[in-house]
Amino acid sequence: MLDQVFQKLHISEEELKKELREKTSISKHQKGEFLIKENKYIKVLKIVISGKVRVYQENEEREILIYYLGDMETCTLSLSACFEDCKSTVNAIVEEESIVLNIPVRFVKDWCFTYKSWNRFTINTFRDSYNVLINNYSKLAFKPLRERLLEYLMIESNNAVLQRSHQQLARELATTREVISRLLKKLETEGIVALGKQEIRILKKDT
């Protein structure tokens with residue numbers, strides 16, 4: 001399993017490979033398990049080897065999606081906490097069964113100064129997450145909700161079917177359930193989607 005990590009993250013130094021073998025652990029997590037909890041100190045950096053994890057914030061009983069973590073990705077906010085002992089500002093919950101590499105934070109900072117490949121991984125993680133956040137902000141600020149909803153349905157659906165409640169969609173798109181329900185009903189009237197119980201079937205693309 002670690003050999004796969006070395007390859008995907010371009011870990012080249014033999015000494016770093018040795019440290020990763022000796023000082024880390026691998027764990028398996030089911031859907032619904034929390035990897036990170038808001039207001040808890042970060043003690044372990046978690047890299048998703050495989051699976052899908054949703055990173056979000058809670059604010060006044062609403063959830064705001066920050067981003068998703070996929071294969072060989074880690075939470076930037078957790079990574080930054082490795083350089084200064086601080087509490088997490090986000091939650092991270094498993095969306096699909098995930099295998100995770102766990103690295104005690106006390107090693108992460110030193111590795112950045114010792115190993116070139118780890119330093120590159122750290123920089124790339126910050127850069128990629130920044131780009132995702134800017135892209136998400138641009139969508140939120142400039143794209144109409146209808147367009148964002150249709151884009152989400154197309155990306156997240158499987159064989160033109162998405163299994164989500166209206167409340168879940170509202171959390172993902174940073175709005176309310178009532179707004180999502182009205183918009184979906186309008187799309188159904190237009191023949192673009194068909195609504196079922198916690199299921200949305202895409203009938204045709206919006207033109």
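At-a-glance table
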{"read-out": "The stretch 2-141 shape via C-alpha gyration tensor axes, a/c threshold 1.5", "value": "prolate"}
{"read-out": "Ellipticity estimate at 222 nm from DSSP helix runs (n ≥ 4, -39,500 (n - 2.57)) divided over the chain, nearest 500", "value": "-13500 deg cm²/dmol"}
{"read-out": "Nearest-0.05 FRET efficiency for N136 and K116, computed from C-beta distance (R0 30 Å)", "value": "0.45"}
{"read-out": "Amide N proximity, the stretch 99-118 versus S50 label position 7 Å along Cα-to-Cβ, cut-off under 15 Å", "value": "99-101"}
{"read-out": "Cross-link partners of K43 among aspartates and glutamates (Cα-Cα below 16 Å; sequence separation of 8 or more within a chain)", "value": "E84, D85, D110"}
{"read-out": "Rounded, prolate or oblate (a/c below 1.5 giving rounded, otherwise prolate when a/b exceeds b/c) for the stretch 147-207 by Cα gyration tensor", "value": "rounded"}
{"read-out": "Whichever lysines have a C-alpha closer than 17 Å to that of K31, once near sequence neighbours (fewer than 8 apart) are set aside", "value": "K46, K52"}
{"read-out": "Eligible aspartates and glutamates near K8 by straight Cα distance, threshold 15 Å, same-chain separation 8 or greater", "value": "D71, E73"}
{"read-out": "The chain: DSSP helices with Cα axial extent of at least 15 Å and average Kyte-Doolittle hydropathy no lower than -1.0", "value": "116-142, 145-156, 177-189"}
{"read-out": "Pair Q167, C86: separation of 7 Å Cα→Cβ label points (nm)", "value": "3.2"}
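Read-outs: derived from the displayed coordinates by stated rules, not from any lab. Please read all numbers here as calculations on a predicted model, not as lab measurements. Here Cβ is always computed from backbone atoms with ideal geometry, including for glycine, and neighbour counts include all displayed protein chains.
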